[in-house]
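Notes for the one structure printed next.
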Amino acid sequence: MKSGEFDPAFSCIARHYDRLMAFVNYPAWILYIEKILFVNDITEREIFDMGCGTGVCLELWRRRGYRVGGLDRSAMMLEVCRERLGRNGAEPDEPPLTVADMREFHLPRSAPIITSLYDTVNYLLTEEDLQRCFRCVFDNLRPNGMFIFDLNTIHALRDEWGSNVFNRRDENIQSTWDNIFDTETGISTLRITLDIHESDRLTTVRELHQERAYPLSTFERILTATGFRSHLYRHMTFQTASENDLRVMAVCRKP
């Protein structure tokens, strides 16, 4: 199938995204981040989530008493996010949600904590994009603020995802995940096809997703050049990350 037959990432999948990601233990992620905040003496209870998607984590933070806000490039994902938060008691205009590019955004006021979760940063396909994003985050953080994000490693995209085809069934969705990893660019190209069975109707959704993996040293270099003090941990631990890990959590402090 030609790539032209696939829609851009997160343009059509929003209504089905949560079912596809039901295996992710987001409450455990939230508790892990709270431990990171605790050991770094961060007491503010206000979080801005960059690439907030359908708002699962925003809702979890709200339940724990945090003031939240978010941005996402996909208007459809934010529409689902607003509906979720509204069902759970949020006012129509609260929390603030913005359709924006993570390489170029400006908050009305600086944030004490900015997060970016579940591969979001891997969607930045050039070092220049990383630099622009990290600079934007730095400029929107308060002094002494924290930027916390996760990333897929080269090992994850090359060896775990690889160049393979996977088939899954999630409730009424039959999906095919056709993945190709380019060893020269470090870019993983994923073509997702969803066959959605609703009543007597079959709907097919196709999206093209690309993620790039970088050496951990690249993240450390760019974060340092931006002005952050940072440490990379094996995900869900406080052990120093290595290239052999699948997922890494970056904990970055603005002086």
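The values are calculated or read from the model by the stated rules, or taken from the named source; none is laboratory data. Being a predicted model, the structure only gives us computed values, none of them experimental. Because the Cβ atoms are built from the backbone with ideal geometry, glycine has one as well, and the counts that use them run over all protein chains shown.
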- For segment 173-184, pairs from a residue that is over 17 Å from D18 (Cβ atoms) and free of Cβ contacts under 8 Å to residues at least 40 places away in the same chain to a residue that is of a type in the set (G, A, S) and crowded, with 17+ Cβ neighbours inside 10 Å, with Cβ under 7 Å and 6 or more apart or across chains, are N179/S188; F181/S188
- Item | Residues (under 18 Å from L78 (Cβ atoms) and among the aromatic types (F, W, Y)) located in segment 13-66 | Y17, Y26, F48, W61
- Taking only segment 1-23 into account, find how many residues are under 17 Å from L117 (Cα atoms) and exposed (fewer than 14 other Cβ atoms within 10 Å of the Cβ). 2
- Message: Within segment 98-106, does at least one residue satisfy the condition of being in contact (Cβ under 8 Å) with a residue 40 or more places away in the chain, more than 17 Å from K254 (Cβ to Cβ) and either touching a strand residue (DSSP E or B) at 6+ places or on another chain (Cβ under 6 Å) or not hydrophobic (A, V, I, L, M, F, W, C) (or both)?
- Response: no
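Results for (1) over 18 Å from the mean Cα position of the chain (by Cα); (2) of a type in the set (S, T, N, Q); (3) more than 30 Å from F38 (Cβ to Cβ), shown as yes or no for each residue.
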site	(1), (2), (3)
L194	yes, no, yes
D200	yes, no, yes
T203	yes, yes, yes
R221	yes, no, no
M236	no, no, no
Q239	yes, yes, no
N244	yes, yes, no
R247	no, no, no
- Which number in (1) in contact (Cβ under 8 Å) with a residue 24 or more places away in the chain; (2) surrounded by fewer than 22 Cβ atoms within 10 Å (Cβ to Cβ) marks the one condition that I114 misses? (2)
- Task: Identify all residues within segment 182-207 that are more than 18 Å from R168 (Cβ to Cβ) and in a strand (DSSP E or B); write none if there are none.
- Result: D182, I187, T189, R201
- Item | Which listed residue is in contact with a helix residue (DSSP H, G or I) (Cβ under 8 Å, 6 or more places away or on another chain), under 25 Å from T218 (Cα atoms), surrounded by fewer than 17 Cβ atoms within 10 Å (Cβ to Cβ) and charged (D, E, K, R), from E104, E128 | E104
- Selection within segment 26-85 - among the β-branched types (V, I, T) and either touching a His at 6+ places or on another chain (Cβ under 6 Å) or buried (at least 17 other Cβ atoms within 10 Å of the Cβ) (or both): I30, I33, I36, I42, I47, T54, V56, V68, V80
- Subset tally (residues that are within 19 Å of V251 (Cα to Cα) and either part of a helix (DSSP H, G or I) or under 19 Å from the mean Cα position of the chain (by Cα) (or both)) for segment 107-116: 6
- Item | Residue list for segment 208-238, restricted to those being touching a strand residue (DSSP E or B) at 6+ places or on another chain (Cβ under 9 Å) and either among the charged types (D, E, K, R) or in a strand (DSSP E or B) (or both) | L208, H209, Q210, E211, R212, E220, R229, S230, H231, L232, Y233, R234
- Query: Can you pull out the residues in segment 117-135 that are outside any helix (DSSP H, G or I) and either of a type in the set (S, T, Y) or touching a Pro at 6+ places or on another chain (Cβ under 8 Å) (or both)?
  - Reply: Y118, T126
- Scanning for something free of Cβ contacts under 8 Å to residues at least 24 places away in the same chain and either at positive phi or outside the structural domain of I148 (by TED's automatic domain parsing) (or both), does segment 44-53 turn up at least one residue? no
